[in-house]
Amino acid sequence: MTQNLPALVTLLTVLLQFGTMWVVGHARGKYRIQAPAISGHPVFERAYRVQMNTLENTVMFLPTLWLAAHYGYVFWAGVAGLVWVLGRVWYAIAYLGDAGKRGGGYMVGMVGWAATLVMAALGLGRALLAG
Amino acid sequence: MTQNLPALVTLLTVLLQFGTMWVVGHARGKYRIQAPAISGHPVFERAYRVQMNTLENTVMFLPTLWLAAHYGYVFWAGVAGLVWVLGRVWYAIAYLGDAGKRGGGYMVGMVGWAATLVMAALGLGRALLAG
Amino acid sequence: MTQNLPALVTLLTVLLQFGTMWVVGHARGKYRIQAPAISGHPVFERAYRVQMNTLENTVMFLPTLWLAAHYGYVFWAGVAGLVWVLGRVWYAIAYLGDAGKRGGGYMVGMVGWAATLVMAALGLGRALLAG
């Protein structure tokens, strides 16, 4: 289980990406936003920002998740990763309803990410000191 | 050959990214869209959407490609990855000419991606069951 | 040290991402750009483009960095990666001040990236030839 936790988190992250992309496609159809436009209805614009912000955060998260796992923190990186996923799901759902409510999930995601960052930095620091 | 197929697919993916970025830069110059603007001419806007959509899909694809390879489906993940690359190249070329023609390549790309996702999920599921 | 250089570069890349995201959030607050809007003030728009361009380039860079390292160019991939990071930091700082000054850092980043790309392609080519 433990050994596969970062892979599970990675798969959940990909499914989250897919979900946020699907919501954008759905809103594009429903509100008749013709591609390549990325504005035209508040619901579409919130969906698009959720997708982009999820993308931005994923590109910061997957590298630190796997660096932390690489340097030996497999279990705790996985746990922090699950926190990140939960925070990002909360963020996405809340933001889709009301941009003003995106803060809670964002902070939880940031805490999960920061934990993987600290583990990655600690592991790297130790490896550099060990020569 | 087989062993290096996911790496080949990854390299092709990076070159595709570079290609979509290059088209945006070219359109920015040709239609005199001053940075940081991301609108102003339909050709530029299509090029920009192609780049962004390629980026979004790459961030969903590379993790499932490598998870599938990690769990032993090296050859089939590579084959699915080649399908993904071909679909995304078709998508990019078709979309640049006419946004309405982006569907075919998109679907082919999705099929390739879905195959890597299924392999990654199968491999992870087996590893979790094996304890 | 050498063995951990790609990891160090990856961590710096993540911190750069975080920095560009932080600048966008700060500009969003300072110029009162209500989410989900991504335009409304030139400083915000430059910050947003810096973040997005950094994201786009990171997704092209991390795969070639690690492919190059995987195929044995650990040290030189790390050195090229440091050049990339320096170029991208220069790009971000210059662009935030004046979009017209983004060229120098961009080119340095491209040189670093191109070096990792060449190493990745060379390593892959050799591996394919070796069967």
- Message: Which log10 I(q)/I(0) values does the protein assembly as shown give at q = 0.12, 0.14 Å⁻¹ under the Debye formula, counting every alpha carbon as one identical point scatterer?
- Response: -0.96, -1.39
- Note on the structure: Rounded to the nearest 10 Å², the 1.4 Å probe accessible area of B:M107 is 110
- Item | 37 °C / 0.692 mPa s Stokes-Einstein diffusion coefficient of region B:71-131, Kirkwood radius on C-alpha pairs, µm²/s | 265
- In nm, to one decimal, how far is the C:H26 label point from the C:M107 one, both placed 7 Å along Cα→Cβ? 2.8
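Return a whole-number percent for the relative contact order of chain B, with Cα pairs under 8 Å and 6 or more residues apart as the contact set.
Numbers: 155 pairs, mean separation 35.1, N = 131.
Relative contact order comes out at 27 percent.
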- Put +1 on the Cβ of each Lys and Arg and -1 on the Cβ of each Asp and Glu in chain B; which of B:A120, B:T54, B:G100 then has its Cα farthest toward the positive end of the dipole? B:G100
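Over chain A, what percent of the accessible surface lies on carbon and sulfur atoms, probe 1.4 Å? Spell out each step's value before the answer.
Values: 3860 of 5570 Å².
C and S fraction of accessible area: 69 percent.
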- Angle, helix B:103-129 long axis vs. longest principal axis of chain B, Cα atoms, 0 to 90°, nearest 10? 30
- Query: region C:1-95: Rg/Rh from Cα coordinates, Kirkwood Rh?
  - Reply: 1.09
- In degrees between 0 and 90, to the nearest 10, how far off the longest principal axis of chain A does helix A:74-97 point, with axes built from Cα atoms? 10
- Select the chain A residue whose beta carbon lies nearest to the rotation axis carrying chain A onto chain C, and write the distance in whole Å. A:V59, 4
- Within region C:95-115, which residues have the backbone N less than 16 Å from the label spot 7 Å out from B:L15 along Cα→beta-carbon, could you tell me? C:114-115
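Enter the buried accessible area of the A/B pair, total of both sides, probe 1.4 Å, in Å² rounded to the nearest 100. Please list the in-between numbers first.
Working: alone 7540 and 7530 Å², together 13070 Å².
Looking at A and B, the buried total is near 2000 Å².
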- Message: I'd like the distance between the alpha-carbon centres of region B:98-118 and region A:1-42, rounded to an integer number of Å.
- Response: 15
- Item | Note, ³J(HN,Hα) from phi for region C:5-12, Karplus 6.51, -1.76, 1.60, rounded to Hz, x at Gly and Pro | 5, x, 5, 4, 4, 4, 5, 5
- Task: Check the straight Cα-Cα distances from B:K30 and name the lysines below 27 Å, setting aside those fewer than 8 residues away within the same chain.
- Result: B:K101, C:K101
- What Rg and what Dmax come out for region C:1-49 when only alpha-carbon atoms are used, in angstroms? 15.0, 46
- Message: Under the convention of a label 7 Å out along Cα→Cβ, give the distances in nm from B:R32 to the same position in every other copy, shortest first.
- Response: 3.5, 3.5
- Query: Angle, helix B:42-70 long axis vs. longest principal axis of chain B, Cα atoms, 0 to 90°, nearest 10?
  - Reply: 10
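The values are calculated or read from the model by the stated rules, or taken from the named source; none is laboratory data. Since we're looking at a predicted model, the values are computed, not measured. With ideal geometry, Cβ positions are generated from the backbone for all residues, glycine too; neighbour counts draw on all protein chains shown. Quick note on the areas: whole protein, heavy atoms, side chains included, nothing else; ligands and nucleic acids left out. Shrake-Rupley method; radii C 1.70, N 1.55, O 1.52, S 1.80 Å.
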